[in-house]
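Have a look at the structure below before the remarks.
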Amino acid sequence: MNTLTVLLLLLGIHLAVSERIRPAIRSLAAQGFLLGLLPLLDSSGGGWRAAALCVATIGVKSVAIPAILTRAVSRLDIGQESESLISTKTTILLTGALTLSAFLACTRFGLSGKDQLAAAAGLTLLFSGLLTMTTRVKAVSQVIGFVVLENGIFLLGAASGSEFTLPIELGIFLDLFVAVFLMGILMFKIQRAFTHMDVRKIHMLKD
C-alpha cells in the first residue's frame, strides 16, 4: 500500500511539472490504473464490490479519459508543449512547497502512518491539480489538472478509512467521465471557432 501511495505521489508531481502533453496523459493513465488497485488492497473492502470498483476505476480513469484526451490532442493538432503562465522553475518550487504543506497539514489529522502518507499524497494531488488548472494555458492541460484533482479526492477518501461504497463511487466516476467528455466537446468548439486552444484568448468572445 505504501509503495502504491508513493508511486501515486510521484506521478502527481510529474504531472504538475511536466511540460509535454502526451507524456502527461500517459502518466495520468498510469495514475488511474494505480488508483484502481486501491479497493482491492483496502482491508475493509473485498469480494465483488471491490472488484467492480477496481474495474470501473481503471476503465474510466486509465482508459476512457486518457483516450478522450489523446483523441482531442490528435484531432485538434495541439502542440506537444504544455504552455504555462509561470516558469518551469517556479512550477517546481510551488509543487515542492505544496507537497511539503500537504505533509505538514496531515501530521495534524491524527492518522496512522499508512493513512497519513495516503492523506498527504491525496492532498498533494489535489493541490497539484489546482496548480495545473490555474497556471496552464491550454485547455487540455487544464482538463488533466481537473482529473488529477479528482484523483486526489479519491485518495483522500481512501486514507480516511471509510469503506469504498460502490454506488457512490460509480456515481462520481460517471460525473467525472461526463465532465471530461463535455470538456472535450468544448475544446473542439473552441478550436473550430478560434483555431487555437490558448485560454488566454477566450476574452475575445463577444456577444
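Scan the helices (runs of 4 or more DSSP H) fully inside region 100-203 and keep the ones with 1 or more residues being under 30 Å from ASN2 (Cβ atoms), small (Gly, Ala, Ser) and at pLDDT 70 or above.
On the way: elements: 113-135, 139-159, 166-194.
Here the list reads 113-135, 139-159.
Considering region 2-59, the qualifying helices (runs of 4 or more DSSP H), each wholly inside and each with 1 or more residues that are in contact with a His (Cβ under 6 Å, 6 or more places away or on another chain) and in contact (Cβ under 8 Å) with a residue 12 or more places away in the chain, run over 21-41. Taking region 56-87 as the range and being surrounded by fewer than 16 Cβ atoms within 10 Å (Cβ to Cβ) and modelled with pLDDT of 85 or more as the test, the residues that pass are GLY59, VAL63, ALA67, ILE86, SER87. Among all positions in region 34-42, there is no residue which is closer than 20 Å to LEU125 by Cα, at pLDDT 85 or above, surrounded by fewer than 17 Cβ atoms within 10 Å (Cβ to Cβ) and touching a Ser or Thr at 6+ places or on another chain (Cβ under 7 Å).
The values are calculated or read from the model by the stated rules, or taken from the named source; none is laboratory data. These numbers were taken from a predicted model, which means no experiment stands behind them. Every residue, glycine as well, gets a Cβ built from its backbone with ideal geometry; the counts of neighbours run over all protein chains shown.
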